[in-house]
1. For segment 261-272, indicate whether the set of residues that are more than 25 Å from A388 (Cβ to Cβ), of a type outside the set (K, R) and open to solvent by less than 30 Å² (accessible area, probe 1.4 Å) is non-empty.
2. From the list E39, E67, E2, pick out the single residue that is open to solvent by 40 Å² or more (accessible area, probe 1.4 Å), touching an Asp or Glu at 6+ places or on another chain (Cβ under 7 Å) and not small (G, A, S).
3. Do the conditions hold for T207, that is, is it touching a Leu at 6+ places or on another chain (Cβ under 7 Å), open to solvent by less than 70 Å² (accessible area, probe 1.4 Å), polar (S, T, N, Q) and not in a loop (DSSP other than H, G, I, E, B)?
4. Filter segment 237-270 for residues that are in contact with a helix residue (DSSP H, G or I) (Cβ under 6 Å, 6 or more places away or on another chain) and aromatic (F, W, Y) and give the result.
5. Going through segment 277-286 one residue at a time, which ones are open to solvent by 20 Å² or more (accessible area, probe 1.4 Å), in contact with a helix residue (DSSP H, G or I) (Cβ under 8 Å, 6 or more places away or on another chain) and either at pLDDT 95 or above or assigned to a strand (DSSP E or B) (or both)?
6. Residues in segment 345-361: is at least one at positive phi, in a loop (DSSP other than H, G, I, E, B) and free of Cβ contacts under 8 Å to residues at least 24 places away in the same chain?
7. Tell me which residues, restricted to segment 21-34, are open to solvent by 30 Å² or more (accessible area, probe 1.4 Å) and modelled with pLDDT of 85 or more.
8. Can you tell me which condition L347 does not meet? The list is (1) open to solvent by less than 80 Å² (accessible area, probe 1.4 Å); (2) at pLDDT 95 or above; (3) more than 29 Å from the chain's Cα centre (by Cα), and all the others hold.
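The values are calculated or read from the model by the stated rules, or taken from the named source; none is laboratory data. Just so you know, these numbers come straight off a predicted model, no measurement behind them. For neighbour counting, all protein chains shown are included, and Cβ atoms are generated from backbone atoms with ideal geometry for every residue, glycine included. Just the protein is used for accessible areas: all its heavy atoms, side chains included, with ligands, DNA and RNA removed. Shrake-Rupley method; radii C 1.70, N 1.55, O 1.52, S 1.80 Å.
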Amino acid sequence: MEQGTIVSWEKKEGDKLNEGDLLAEIETDKATMGFETPEEGYLAKIIIPAGTKDVAIGKLMCIIVQEESDVAAFKDFKDTGAAAAPPKPAAAPAPAASAPPPPPPPVVAAAPPPPPPPAAAPAGGRPMTAVEQRGPRVYASPMAKKLAEAQQLRLEGMAAAPSVGAAAPAPVAPQGGYIDIPVSNIRGVIAKRLLESKQQIPHYYVTVECQVDNLMKLREKINKKYEKQGVKVSVNDFIIKATAIACRKVPESNSYWMGNVIRQFDNVDVSVAVSTDRGLITPIVFSADRKGVIDISKEIKELAVKARENKLKPQEFQGGTVSVSNLGMFGVSQFCAVINPPQSCILAVGTTSKKLLPDPDSLKGFKEVNVMNVTLSADHRTVDGAVAAKWLQYFRDFIEDPANMIL
């Protein structure tokens, strides 16, 4: 976290504060969290009002004093960057360390110089004609002329502009209306991290097709058996379990690239991509390799609800050793996901579809099966191609025969 938004203040100026009281709600790049009062006292001054965005770490948020009589001393206090002068104040800074460096000064664009006056006729020569003063004739298509007229642009000025050192004409806005959507904290972080991932991680992709008929039969059996207990497991719950067990079998996939070392983890903590109206977030099923499918199902449902209500705690989405992204419910047959750094692997899951396969034991000579395509995106610095292929062999074995996951 480098900056945040003050969503609301839960206390008013002059209110008495007890240590641990909810003081404010702060929106980080991933969730909204409560900021608790650091010590007892009185809220003397709110420096940053509710609704303020992009508040840098270390910025002074408010002033807390120990004695109620000191509140009035801060009525007109302004944050100039210096320490508060009146007696016994206790500053409550935004959580974290030092503030980031100040932004660079804005670039001020100078206005273009006025067009030069028409050149005077040389001594003893003839005066210049209007065409000569305007410049060379411009050849343009009727469509170009129509567009220029609609945008109030002079084609002569464009043609006469020198090719080196001249300011480019303003871009022509597309026909029709548009809106500018402010970039939220979470969207900005997503953009930054995914750009870094594609630029810095040598991705490669390996795809296999899995038959899921046995899995679907087992899922139906489990849901029917535990129906009265409110259990309803999904195919994705089995995928999370199979991902975790495959990582146990192939520990290279359950690792971070740390620069000078590769860190392999004992536990398999599966980050599951959840789409919200604020952007993508990845709540974590911790120790998924040691949990049953029913427990995984309950946990992921709770985490998904929290994610969509923006109530995830940092420890519920920070970390993870491997990721799963499932777009099968949207009818996507196959795709390649971007690795969630510093993890080494992410599994992209497509939809389930029917396929005909040869079957010499059938009177028809073929059989219909349900298949699902999965693609593993891997970091080549930590996971070689043969290792990724081995991981997918285990995963497919677990999906096609779920009983193998208990062996």
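1. Start the filter on segment 261-272 by keeping residues that are more than 25 Å from A388 (Cβ to Cβ), which leaves none.
No, segment 261-272 contains no residue that is more than 25 Å from A388 (Cβ to Cβ), of a type outside the set (K, R) and open to solvent by less than 30 Å² (accessible area, probe 1.4 Å).
2. Numbers: E67 fails: touching an Asp or Glu at 6+ places or on another chain (Cβ under 7 Å); E2 fails: touching an Asp or Glu at 6+ places or on another chain (Cβ under 7 Å).
Just a single option satisfies the conditions, and that option is E39.
3. Working: touching a Leu at 6+ places or on another chain (Cβ under 7 Å): no; open to solvent by less than 70 Å² (accessible area, probe 1.4 Å): yes; polar (S, T, N, Q): yes; not in a loop (DSSP other than H, G, I, E, B): yes.
In short, no.
4. Going residue by residue through segment 237-270, those that are in contact with a helix residue (DSSP H, G or I) (Cβ under 6 Å, 6 or more places away or on another chain) are 237-238, 240-242, 244-250, 252-254, 264, 268, 270.
Residue satisfying the conditions is F238 alone.
5. To start, the set of residues in segment 277-286 that are open to solvent by 20 Å² or more (accessible area, probe 1.4 Å) comprises 277-278, 280, 282, 286.
From what's left, in contact with a helix residue (DSSP H, G or I) (Cβ under 8 Å, 6 or more places away or on another chain): 277-278, 280, 282.
Within segment 277-286, just L280 meets the criteria.
6. Looking for residues that are at positive phi, in a loop (DSSP other than H, G, I, E, B) and free of Cβ contacts under 8 Å to residues at least 24 places away in the same chain, one finds none in segment 345-361, hence no.
7. Filtering segment 21-34 for residues open to solvent by 30 Å² or more (accessible area, probe 1.4 Å) gives 21-22, 25, 27, 29-30, 32-34.
Of everything in segment 21-34, those that are open to solvent by 30 Å² or more (accessible area, probe 1.4 Å) and modelled with pLDDT of 85 or more turn out to be D21, L22, E25.
8. The single condition L347 does not satisfy is (3).
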